[in-house]
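Written below as structure tokens is the structure these notes are about.
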């Protein structure tokens, strides 16, 4: 009998690690709407231990809590199953008898993700001569207080938070690291994007020895 080589590539992901990775994508707060009746739904996966998950499912104004069963990238709780591939968007299916309802959900950003957006970001483009200043004053859930001046036009109000972005009017601002970001805006019929960076005020402290 000939020998069969069992050598694997050094960067190959084991089936166990791959399964755990997809399971970790499920953990979080998911919100969305049922496709047919547009009923708001929320599904929280609090934690996963092996093949079980602690979950909370909110629909019709009331919340059910309990233990769901995990299989790959899905969690099933009572008549509801939720699954995700990328950890950002999920599909939900409610099934009872021959009735099936589906919904699309998005993961709610964690406070840490939202905090990256808070601050003042500025930048300018030599090519277009456009300057931009975007200040995310505060974030509460999916609402963000925004003050912005882009291409000489100032605006102030409430924007909508989606993942690591804030959309306000016909403009949007996004950042993945909280330091460097991108602002997208309209000039006439054109949509332009430019890089902006977090503004850090210079220190007002002094090292001068007043007793000298």
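When residue 155 is tested against the conditions (1) in a strand (DSSP E or B); (2) surrounded by fewer than 17 Cβ atoms within 10 Å (Cβ to Cβ); (3) within 18 Å of the chain's Cα centre (by Cα), the lone failure is (3). Residues in segment 24-39 that are within 12 Å of residue 92 (Cβ to Cβ) and part of a strand (DSSP E or B): 30, 31, 32, 33, 34.
Conditions tested, residue by residue: (1) more than 16 Å from the chain's Cα centre (by Cα); (2) under 14 Å from residue 161 (Cβ atoms); (3) surrounded by 15 or more Cβ atoms within 10 Å (Cβ to Cβ); (4) assigned by TED's automatic domain parsing to the domain that holds residue 182.
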| residue | (1), (2), (3), (4) |
| --- | --- |
| 86 | no, no, no, no |
| 90 | no, no, yes, no |
| 116 | no, yes, yes, yes |
| 120 | yes, no, yes, yes |
| 137 | yes, yes, no, yes |
| 143 | no, yes, no, yes |
| 146 | yes, yes, yes, yes |
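Only residues that are modelled with pLDDT of 90 or more and touching a helix residue (DSSP H, G or I) at 6+ places or on another chain (Cβ under 7 Å) were counted across segment 128-160, and they come to 1. When segment 177-200 is examined, which residues are found to be part of a loop (DSSP other than H, G, I, E, B) and farther than 16 Å from residue 123 by Cβ? Within segment 177-200, 188, 189 qualify. Only one of the numbered conditions (1) assigned by TED's automatic domain parsing to the domain that holds residue 184; (2) in contact with a strand residue (DSSP E or B) (Cβ under 6 Å, 6 or more places away or on another chain) is violated by residue 127, and that is (2). Can residue 45 be described as in a strand (DSSP E or B), in contact with a helix residue (DSSP H, G or I) (Cβ under 9 Å, 6 or more places away or on another chain) and either at pLDDT 95 or above or under 28 Å from residue 112 (Cβ atoms) (or both)? The answer is yes for residue 45.
Considering 103, 68, the condition of being under 12 Å from residue 26 (Cβ atoms), modelled with pLDDT of 90 or more and touching a strand residue (DSSP E or B) at 6+ places or on another chain (Cβ under 6 Å) is satisfied by 68 alone.
The values are calculated or read from the model by the stated rules, or taken from the named source; none is laboratory data. On a predicted model such as this, the values are computed, not experimentally measured, just so you know. Using ideal geometry, Cβ is built from the backbone for each residue, glycine included, and neighbour counts are taken over all protein chains shown.
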